[in-house]
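Structure first, commentary second.
The values are calculated or read from the model by the stated rules, or taken from the named source; none is laboratory data. All values reported here derive from a predicted model rather than from experimental measurement. When we count neighbours, we look across all protein chains shown, and the Cβ atoms used for this are built from the backbone with ideal geometry, even at glycine.
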Amino acid sequence: MPRHDTFVRERPYEEIQIGDTFSITKGITQADIVNYAGIIGDFNPLHVNPEYAANSRFGKNVCHGMLTASFISTCLGCGIPGNNALYLSQEVKFVKPVFIGDVITCTVEVTEKVDGKQLVMLDTIVKNQNGDIVIDGKAVAMVMKPYVK
């Protein structure tokens, strides 16, 4: 389970400010990779076969890029905006591979707001334990009205 710096269930659009950030940190395990492969059906041997991966240019298994990128969704849905987020789009650039045992930190930062549509634009960056950027991107989310019972 990722470690959350904070956990925001719902945050009204008016409270979100340019410069707001949210981060989560997660160690990547072999179980994460195998479970993800089982869910999406991507059993590329570079991800799941240690013998095959040992003979690749990386020398070991590589985490699925989209598994790493999926933590951006966690930041949006659990941080900024929170439970009232509707994730609309994502640009992703895979900069470096992530391996079993790496500890990644995903951070989103609000860079722009569109008041008429209640949209937030965010920079999305994932770094490994060495501070190297492994994913760089941008996201757009709509902030829906908070749920009221």
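Of all residues in segment 112-135, how many are in a strand (DSSP E or B) and more than 18 Å from the chain's Cα centre (by Cα)?
Going residue by residue through segment 112-135, those that are in a strand (DSSP E or B) are 112-114, 119-127, 133-135.
Checking which are more than 18 Å from the chain's Cα centre (by Cα) leaves us with 112-114, 119.
Count: 4.
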The conditions are (1) in a helix (DSSP H, G or I); (2) in contact with a helix residue (DSSP H, G or I) (Cβ under 7 Å, 6 or more places away or on another chain); (3) not β-branched (Val, Ile, Thr), and Met66 fails exactly one of them. Which is it? (2)
Please list, ordered by first then second residue, the pairs with beta carbon atoms under 8 Å, 6 or more apart or interchain, first in segment 21-39 and over 19 Å from Lys60 (Cα atoms), second in a strand (DSSP E or B) and aliphatic (A, V, I, L, M). Thr21/Val108; Thr21/Val110; Phe22/Val108; Ser23/Val108; Thr25/Val103; Thr25/Ile104; Lys26/Val103; Lys26/Ile104
Over segment 10-53, the set of residues surrounded by fewer than 14 Cβ atoms within 10 Å (Cβ to Cβ), of a type in the set (Val, Ile, Thr) and in contact with a strand residue (DSSP E or B) (Cβ under 6 Å, 6 or more places away or on another chain) is Ile18
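Might you let me know whether segment 103-111 holds any residue that is in a loop (DSSP other than H, G, I, E, B), modelled with pLDDT of 95 or more and touching a Lys or Arg at 6+ places or on another chain (Cβ under 8 Å)? Walk me through how you get there before you give the answer.
If we filter segment 103-111 for residues that are in a loop (DSSP other than H, G, I, E, B), which is where we start, we get none.
No: zero hits.
Of the residues Ile80, Ile72, which is surrounded by 19 or more Cβ atoms within 10 Å (Cβ to Cβ), assigned to a loop (DSSP other than H, G, I, E, B) and in contact (Cβ under 8 Å) with a residue 12 or more places away in the chain? Give the steps one after another, and end with the answer.
Numbers: Ile72 fails: assigned to a loop (DSSP other than H, G, I, E, B).
That would be Ile80, the only listed residue that is surrounded by 19 or more Cβ atoms within 10 Å (Cβ to Cβ), assigned to a loop (DSSP other than H, G, I, E, B) and in contact (Cβ under 8 Å) with a residue 12 or more places away in the chain.
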Given the options Lys138, Lys96, name the one that is at pLDDT 95 or above, surrounded by 14 or more Cβ atoms within 10 Å (Cβ to Cβ) and not in a loop (DSSP other than H, G, I, E, B). Lys138
Within the group Val114, Val62, which residue is surrounded by fewer than 18 Cβ atoms within 10 Å (Cβ to Cβ), of a type in the set (Val, Ile, Thr) and at pLDDT 95 or above? Val114
